[in-house]
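See below for the structure under consideration.
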Amino acid sequence: GREIKKFFLSFSRLNKPAILIIVLFCLFLGLTLPFHSADAILGTLAMAIGMAVAVTVINIVLQLILVVSNLVLGLAGIILSWVLSPYFMSLPYTYGGIVDIGWPIVRDLVNMFFIIALVIIGLSTALRIKEYQAQKALPLLIIIAILINFTPVICGLIMDAQNILMNFFLEELTGFRLLGNVFSTQGTMIWQALTHFYNPLESLALMGKTLVMIIFDWVAAFIFLMYALLFIMRYIMIWVLVIVSPLAFFSRIFPGAQKYFFKSILGWDEWWKQFI
């Protein structure tokens, strides 16, 4: 009790103006600190809301860009699907159109070459040139003379077999099914954005997914369009190869002449390489 009494007595001896200043300062801190804390909380809350709004706006813009990207990818897939469709595949490879005009001309020209081939074989036999003697070259000439009239059938059988194999792998990758898949994925992403708009981590994750899908769409669309162009050029190239096939088959009779008279796709080896 004495110690407490001494404390208050010593406190009462202090300078009263100084005590008043201390008390007023404490009152000032007590009144202002809550306002500063409230301002800090409000500032943090406003910043969080601003970031959430900014991320949401960015996600909306990215979703609109993704819609365009999905449409481009779907269009590219539809074009590729059309190029690989039964309608397009049913276009004649070995008859009709330019093939019916060009192939008979080349075949008749090669039939005239057989007369020259018989003369060469006869001279080679007389001169004893082993490579083109009748015993070796004549059976091959007869076989080629028969096969030349069936080159469209041979080419058609090979094309039908590889088209069946190709369609088996590409059926799921093109057409309206692809368009439905990409828009279904985007619908799921939009639903997540609407249900988790208050979560900044979910919003940022959605932004990353959207950017990845946009990049994927454009890259895939470019590849699909390039493949569509490739398959269109493939049809043209097959028609050319079928037209010149009699010459390529005829060149098999004289392998040594391929370097000089039957260059590129007119030669047996190069023709098969390009065709396959």
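If R0 is 51 Å, the Cβ-Cβ spacing of Glu202 and Leu75 corresponds to a FRET efficiency of close to 0.95.
Measuring how big the range 202-276 is from its alpha-carbon positions, Rg and Dmax come out at 22.5, 72 Å.
With the highest mean first, a sort of the peptides 98-104, 150-156 on other beta-carbon atoms found within 10 angstrom per residue produces 150-156, 98-104.
No lab work stands behind these numbers, since they all come straight from the coordinates. None of these values were measured; they are calculated from a predicted model. Note: ideal-geometry Cβ built from the backbone for every residue, glycine included; neighbour counts use all protein chains shown.
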